[in-house]
Amino acid sequence: MTTYRIRVGFHNPSALTLRQLDDHLAEHRFCKTRERDATFRYFLEYEYHAPDADYCTVCSLAYNEACKVRKCPLVLVEEKADN
């Protein structure tokens with residue numbers, strides 16, 4: 001199983017935007033990794049465990065779901081090494 005770390009950010013998001021993002025990504029089995037803090041106010045971090053999804057599929061899924069919340073999200077996806 002491959003694990004991906006996803007960071008999604010918006011320019012000047014509201015609390016409602018971040019809550020809607022949580023709801024949209026939770027429907028697709030994205031797990032929030034930590035609570036918001038002052039350092040990363042505009043970014044939320046998630047993990048996605050996918051046995052059969054490839055990198056491009058995860059990028060596309062994260063971006064499309066973030067676009068449903070608000071236009072022009074910044075989505076960073078990193079493949080984590082499984083130990």
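How many nm separate the modelled label positions at residue 71 and residue 5, each set 7 Å beyond the Cα in the direction of the Cβ?
Placing both labels 7 Å along Cα→Cβ, they lie 3.2 nm apart.
Hey, with R₀ at 22 Å, roughly what FRET efficiency would residue 56 and residue 19 work out to, going by the Cβ-Cβ distance, to 0.05? Could you put the intermediate results ahead of the total?
Details: r = 28 Å, r/R0 = 1.27.
The formula returns an efficiency of 0.20 here.
Put 31, 72 in order of accessible area, largest first, 1.4 Å probe: what do you get?
Numbers: 31 65, 72 110 Å².
Largest accessible area first, the residues go 72, 31.
Once the principal axes of the Cα atoms of the chain are found, what is the range along each, listed largest first in whole angstroms?
The Cα atoms of the chain stretch 35, 24, 19 Å along their principal axes.
What spacing in nm lies between the two simple spin-label points modelled at residue 34 and residue 79, each 7 Å away from Cα in the Cβ direction?
Rounded to a tenth, the inter-label distance reads 2.5 nm.
The values are calculated or read from the model by the stated rules, or taken from the named source; none is laboratory data. These numbers were taken from a predicted model, which means no experiment stands behind them. Virtual Cβ from ideal backbone geometry, glycine too; neighbours counted across all protein chains shown. With ligands, DNA and RNA removed, areas are computed over all heavy atoms of the protein, side chains included. Shrake-Rupley method; radii C 1.70, N 1.55, O 1.52, S 1.80 Å.
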